[in-house]
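Undergrad: Got a structure here, written out as structure tokens. Questions coming.
The values are calculated or read from the model by the stated rules, or taken from the named source; none is laboratory data. Just so you know, these numbers come straight off a predicted model, no measurement behind them. No Cβ is skipped: glycine too gets one built from the backbone with ideal geometry, and neighbour counts run over all protein chains shown. Keep in mind that these areas ignore ligands, DNA and RNA; they rest on the heavy atoms of the full protein, side chains included. Shrake-Rupley method; radii C 1.70, N 1.55, O 1.52, S 1.80 Å.
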Amino acid sequence: MNALTARSGGLAAQAYSRIREALLQGAFAPGDPLFENQLTQQLGMSRTPIREALQALAAEGLLETIPARGWFVPRRSVGDLHEMFELREALEGMAARGAALRATEAEILALTALCDAYERAMDWQDWAAKGTEFHACIAAAARNVRLSAMLDQLTAQIVLTRRSELRAVQGRGREAAREHRAILAAIAARDPDAAEREARAHVRRSRDATFREGMAR
């Protein structure tokens, strides 16, 4: 996002954030088009920052462009989602291992506060927001900028696909809260093997719940 922020007086960055949020909130279904003219009216911007934002979202895999037709929400298969979860398991494990080695005490306190907030959440959207923040905090604590960026993009792709195709995974909030506590305990104990193991197990359970829910519908 640094390049977007530097151009168009930050308008492209604003457009990117607002369109990305709409995508991840399920405002568009797979295959839906995004029209530049409509977005310029909705966001009150010219086409240049809108186009830059759409290009950035396409580079992250959240949109696809079809020549002579425009921008579309991608359609993804079950196989695509399996691949995403497989990669996320490896990356989340790496992030948790790095956090166990390098997290500051302030970051561990922040993770504890996020666990508390997650457990107080009352609905799926709140759980999803706090869970995303929890994992982003772990990635930041690992002190690997590229890893953080890859996880951010991959998690967004999973959220987009899961919310548009499979919707919310029922009953995962309380289970995930316990799994977050286990990851946090391993990080706080400075046990990288346990942190990686718990993080990988958490992603596998999320994957399994996602596909159970999707096949039941």
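Undergrad: Excluding ligands and nucleic acids, what accessible area in Å² is computed for Asp152 using a 1.4 Å probe, to the nearest 10?
TA: Estimated to the nearest 10 Å², Asp152 gives 80 Å².
Undergrad: Whole-Å semi-axes of the chain's equivalent ellipsoid, largest first, each the root of 5 times a Cα gyration tensor eigenvalue?
TA: 31, 21, 15
Undergrad: Work out the P(r) tail for the range 76-151: percent of alpha carbon pairs separated by more than 22 Å, whole number.
TA: 31 percent
Undergrad: Could you point to the residue in Val203, Leu81, Thr48 farthest towards the positive end of the chain's charge dipole, with +1 and -1 charges on the Cβ of Lys/Arg and Asp/Glu respectively?
TA: Thr48
Undergrad: Further question on the same structure: If all Cα-Cα distances of the range 11-77 are sorted into 10 Å bins from 0 onward, what percent lands in each bin, rounded to whole numbers?
TA: Going from the shortest bin to the longest, the percentages are 22, 61, 16, 1.
Undergrad: Using only Cα atoms, find the angle between the long axis of helix 192-216 and the longest principal axis of the chain, and express it within 0 to 90 degrees, rounded to the nearest 10.
TA: Taking the Cα atoms of the chain, the angle to 192-216 is about 50 degrees.
Undergrad: Ok, one more. Across bins of 10 angstrom width beginning at 0, how are the C-alpha pair distances of the range 39-79 distributed, in whole percent?
TA: Reading upward from the zero bin: 27, 50, 18, 5.
Undergrad: Moving on to the next point. Residues of the range 65-119: accessible area per residue at 1.4 Å, in Å²?
TA: I get 51 Å² per residue for the range 65-119.
Undergrad: Follow-up question, since we're still on this one. If the only charges are +1 at each Lys and Arg Cβ and -1 at each Asp and Glu Cβ, what is the size of the charge dipole of the chain around the Cα centre, to the nearest 20 debye?
TA: Magnitude of the dipole: close to 240 debye.
Undergrad: If the elastic network links every pair of Cα atoms under 10 Å, which of Val73, Val203, Val145 fluctuates the most in the Gaussian network model of the chain?
TA: Between Val73, Val203, Val145, it is Val145 that shows the largest mean-square fluctuation.
Undergrad: Follow-up question, since we're still on this one. Using a 1.4 angstrom probe on heavy atoms only, work out the carbon and sulfur share of the accessible area of the range 73-140 in %.
TA: 58 percent
Undergrad: For the chain, what does the helix formula give at 222 nm: sum of -39500 (n - 2.57) over DSSP H segments with n ≥ 4, over the residue count, nearest 500 deg cm²/dmol?
TA: Counting only the DSSP helices, I get -24000 deg cm²/dmol.
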